[in-house]
Amino acid sequence: MKKVFAEIVNCFVFTIVVVLLTSCKSGKEGKEGKDEKPEYKLVWSDEFTNTGAPDSAYWNFEKGFVRNQEHQWYQEENAFCQDGLLIIEARVDNRENPLYREGDDQWRHSRKKIEYTSSSVNTARKFEFQYGRVEVKARIPVGGGSWPAIWTLGRSMQWPSNGEIDIMEYYRIKGVPHILANAAWGTEQQHHAKWNTKTIPFSYFTGKDPDWADQFHVWRMDWDETAIKLYLDDELLNNIPLDSTINGSLGEFKNPFKQPHYLLLNLAIGGTNGGEPDPDAFPMRYEIDYVRVYQKEKDSFQPGEIWPDNRGMHINAHGGGILLHEGTYYWFGEHKGRNSNSAFVGVTCYSSDDLYNWKYEGVALPVDENPESPITKGCVLERPKVIYNRKTNQFVMYFHLELKGKGYEAAQAGVAVSDHPAGPYRLVRNGRVNPGVWPLNMTDEQKNATAKLSDFAEWWTPEWRSAVNDGLFVRRDLEGGQMSRDMTLYVDDDGKGYHIYSSEENLTLQIAELTDDYLNHSGRYIRVEPGGHNEAPAIFKKDGKYFMITSGCTGWAPNAARLLVADELMGEWQLYPNPCRGEGEELTFHSQSTYILPAPGKKDTFIFMADRWTPKDPINGRYVWLPIQFENGLPVLRWVDEWRLN
């Protein structure tokens with residue numbers, strides 16, 4: 001909002017409180033309808049139909065002297081809903097400043113008195129969105145000293161590297177009233193912004209309508225991955241291309257307008273831009289009729305691009321899998337934070353009826369605040385998958401679990417259940433797989449071999465590889481159970497469930513049959529491609545054959561995919577070359593497999609789901625969904641920038 005912003009609070013938000021369309025207030029009689037626009041769908045709004053304080057589920061308050069040496073003290077009492085409007089009222093006051101310090105030159109502390117009060121509200125942590133259309137209908141005060149604004153700030157980093165969009169500002173420039181439409185981003189200097197600003201003399205509007213200030217007007221922002229366009233009553237005021245809005249080094253050279261933002265509404269008085277307050281202009285009222293946020297509906301897949309959910313926020317369901325239940329698709333995945341791949345939220349869930357447009361359902365399996373819980377906050381909780389058990393009518397989730405503070409040594413499978421597809425799920429057990437049980441395809445000679453890990457001073461030697469192939473790690477882990485890391489689930493045509501996972505220090509895949517209720521392992525399991533160093537299994541069945549796409553083990557870095565094929569799920573698997581074709585094939589198009597989904601309404605057609613990991617900024621990881629094609633009876637993956645199910 002402001003040109004001087006040295007004291008901005010660092011709004012570094014990890015937790016998102018969601019306000020869904022279903023909870024938006026309905027418009028009151030007489031208020032113009034919030035009809036959905038062509039290509040747009042309403043995802044959030046506040047129509048201010050209640051009486052009293054603004055809805056605390058939507059809005060936060062700023063307090064005190066906040067920024068820009070403004071005259072007003074922000075407080076909650078000055079914002080209230082009345083007659084279908086949010087009213088922010090600036091008032092004259094005369095009371096002691098509780099922050100006053102004698103001899104202190106800092107502006108917040110040098111003022112003995114609070115001479116004016118007002119309010120500033122925002123949706124930080126309660127509603128944040130990325131891209132879409134914002135419409136705000138308001139009547140602004142234009143008296144001396146007034147500085148109303150409609151603006152947004154980015155979720156992460158300090159100002160200005162978090163990005164600021166001023167949908168509307170009104171203030172005086174050299175004593176002349178102006179309306180402004182701006183955006184600001186970071187430079188090489190702390191608290192110093194680069195601006196794209198359009199200033200329009202207020203006389204431009206009053207020249208067309210002398211009563212302009214007495215009327216309500218609609219400010220609008222259209223924001224996508226290419227530009228921010230700011231309008232007033234459908235007139236374009238500023239078009240800001242996003243290829244020019246790159247932060248300096250303090251902002252890590254990122255584009256702050258390619259992240260979620262939150263909304264702010266405030267009425268400032270005086271300060272660096274407001275001008276000298278006119279005593280006759282008080283009390284001063286800033287009246288907001290509504291705030292509405294729309295999102296464009298998708299009708300195609302665009303691999304590797306931002307994928308907004310119904311709130312306009314990039315889908316946060318990494319390493320995920322899909323459950324189809326009663327015509328609705330449920331996407332489960334890891335919630336990633338800004339700076340860590342550990343689990344601080346849990347498993348998220350989204351729903352869709354077309355696979356393009358996804359509604360955020362919430363956290364299906366939250367991490368536990370109890371430090372003694374296996375899924376305590378800060379554990380590693382990866383690659384969740386959910387299957388439905390028709391016999392028990394339960395939804396069963398498996399995931400790779402690493403205990404907090406133990407690195408990747410636990411290598412456990414976690415199991416959780418729910419009576420509803422979107423949850424909530426509750427943890428029922430965790431541990432390694434099939435303790436005390438030998439694989440079906442391990443020979444007696446391998447079971448009785450005497451080689452042990454301590455016999456090898458170095459790994460990766462021919463002798464060590466031979467010992468791995470013969471079950472070195474199976475024997476080591478027999479008593480406590482087999483390791484389970486990257487994983488997926490599969491339900492065969494007969495309803496039998498299977499857990500497929502990377503085991504034996506990620507050197508060998510294992511396929512384990514589940515019990516009839518899917519809650520445990522039956523004791524029947526096999527080793528697949530011993531010593532092959534496979535992870536990220538994704539499996540499907542076509543024409544009676546089983547196909548599994550995996551990856552090598554290179555940490556977070558992508559590598560070439562592998563293909564395994566079998567006639568029987570628990571039978572012999574044959575290794576085939578990388579199924580990817582074309583530019584980027586050697587890195588699986590810079591992604592790693594997570595799941596393979598049968599395409600809706602198309603027999604023997606499948607979608608390859610993969611993640612493009614960004615370990616330095618995990619929340620910004622992208623999704624690569626590609627159609628699986630077949631050549632000579634084998635699956636093939638080719639890159640496409642955009643594709644549709646039809």
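The values are calculated or read from the model by the stated rules, or taken from the named source; none is laboratory data. The shown structure was predicted, so the numbers you read here are calculated from the model rather than taken from an experiment. Glycine also receives a Cβ, built like all others from the backbone with ideal geometry; neighbour counts cover every protein chain displayed. For the accessible areas, the whole protein counts, side chains as well, though only heavy atoms, and no ligand, DNA or RNA atoms are used. Shrake-Rupley method; radii C 1.70, N 1.55, O 1.52, S 1.80 Å.
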Point to revise | Residues located in the stretch 151-191, provided they are in contact with a Phe, Trp or Tyr (Cβ under 6 Å, 6 or more places away or on another chain), assigned to a loop (DSSP other than H, G, I, E, B) and among the hydrophobic types (A, V, I, L, M, F, W, C) | key: Trp159
Check your understanding: How many residues are over 20 Å from Ala536 (Cβ atoms), touching a Pro at 6+ places or on another chain (Cβ under 9 Å) and among the small types (Gly, Ala, Ser) when one looks only at the stretch 587-646?
Key -> 1
Practice item. State all residues of the stretch 468-522 that are farther than 30 Å from Phe456 by Cα, open to solvent by 10 Å² or more (accessible area, probe 1.4 Å) and in contact with an Asp or Glu (Cβ under 8 Å, 6 or more places away or on another chain); if no residue qualifies, say none. Key: Lys496, Tyr498, His521, Ser522
Point to revise | Cβ-Cβ under 9 Å pairs, at least 6 apart or on other chains, the stretch 300-321 side under 15 Å from Trp643 (Cα atoms) and surrounded by fewer than 24 Cβ atoms within 10 Å (Cβ to Cβ), far side modelled with pLDDT of 95 or more and of a type in the set (Gly, Ala, Ser) | key: Pro303/Ser591; Pro303/Ala610; Gly304/Ser591
Check your understanding: Can Arg95 be described as part of a strand (DSSP E or B), more than 37 Å from the chain's Cα centre (by Cα), of a type in the set (Lys, Arg) and farther than 28 Å from Phe202 by Cα?
Key -> yes
Exercise for review: Looking only at the stretch 448-461, decide whether some residue is surrounded by fewer than 16 Cβ atoms within 10 Å (Cβ to Cβ), closer than 19 Å to Asp567 by Cβ and in contact (Cβ under 8 Å) with a residue 12 or more places away in the chain.
Suggested key: no
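Where in the stretch 570-646 are there strands (runs of 3 or more DSSP E), lying wholly inside it, with at least 1 residues that are open to solvent by less than 20 Å² (accessible area, probe 1.4 Å)?
Output list reads 592-598, 606-612, 622-631, 634-638.
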Review point. For the stretch 242-280, which residues satisfy the criterion of being among the hydrophobic types (A, V, I, L, M, F, W, C) and either assigned to a strand (DSSP E or B) or touching a Ser or Thr at 6+ places or on another chain (Cβ under 7 Å) (or both)?
Key: Leu242, Leu250, Phe257, Leu263, Leu264, Leu265, Leu267, Ala268, Ile269
Check your understanding: So which of Gly423, Gly407, Gly414 ends up being part of a loop (DSSP other than H, G, I, E, B), modelled with pLDDT of 95 or more and open to solvent by less than 60 Å² (accessible area, probe 1.4 Å)?
Key -> Gly423
Exercise for review: Check the stretch 430-441 and report whether any residue there is touching a residue at least 24 places away in the same chain (Cβ under 8 Å), over 40 Å from the mean Cα position of the chain (by Cα) and part of a helix (DSSP H, G or I).
Suggested key: no
Practice item. Test Gly207 against the stated conditions and say whether it is among the small types (Gly, Ala, Ser), modelled with pLDDT of 95 or more, touching a Pro at 6+ places or on another chain (Cβ under 6 Å) and farther than 15 Å from Ile228 by Cα. Key: no
**Study point:** Filter pass, Gln130 being open to solvent by 10 Å² or more (accessible area, probe 1.4 Å) and out of contact with any Lys or Arg (no Cβ under 6 Å at 6 or more places or on another chain)
**Key:** no
